[in-house]
1. I'd like the full set of residues that are part of a loop (DSSP other than H, G, I, E, B) and at pLDDT 80 or above, limited to the range 1-26.
2. How many residues does the range 1-52 hold that are basic (Lys, Arg), buried (at least 18 other Cβ atoms within 10 Å of the Cβ) and farther than 24 Å from Ala71 by Cβ?
3. Please list, ordered by first then second residue, the pairs with beta carbon atoms under 8 Å, 6 or more apart or interchain, first in the range 30-50 and part of a loop (DSSP other than H, G, I, E, B), second surrounded by 16 or more Cβ atoms within 10 Å (Cβ to Cβ) and hydroxyl-bearing (Ser, Thr, Tyr).
4. Do we find that Gly54 is of a type outside the set (Asp, Glu) and out of contact with any strand residue (DSSP E or B) (no Cβ under 6 Å at 6 or more places or on another chain) in this structure?
Amino acid sequence: MDAQMPEMDGLEATRRIKADFAGKRAHWIIALTANAMEGDREMCLQAGMDDYLGKPIKRPDLAASLVRASAAIRDTGGSADQTKS
């Protein structure tokens, strides 16, 4: 999820997605953003994103994020609700 998008930013989009799936199997959302200011990661996670990657995205970081997503989904029986990384 890009944090900065036209019309609706990624933070609001994430909040709406998570609200629509409250109590149900939710989508795993990874923040992909050029924002690298202090507090941006926490802001994305507080909005409901499950992980955070800064741009430019590095392949090892993306691979690690996808491994965390896969493990969390497997460990929770398909739910994206898990401990934030």
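The values are calculated or read from the model by the stated rules, or taken from the named source; none is laboratory data. The structure presented is a predicted model; accordingly, all values stated were derived computationally and were not measured. A quick note on method: Cβ atoms are made from the backbone with ideal geometry, for glycine too, and the neighbour counts reach across all protein chains shown.
1. Residues satisfying the conditions are Met1, Met5, Pro6, Glu7, Met8, Asp9, Phe21.
2. Qualifying residue count for the region: 0.
3. Going by the 8 Å Cβ cut-off, the qualifying pairs are Ala47/Thr14; Gly48/Thr14; Met49/Thr14.
4. Numbers: of a type outside the set (Asp, Glu): yes; out of contact with any strand residue (DSSP E or B) (no Cβ under 6 Å at 6 or more places or on another chain): yes.
When the stated conditions are applied, Gly54 passes them.
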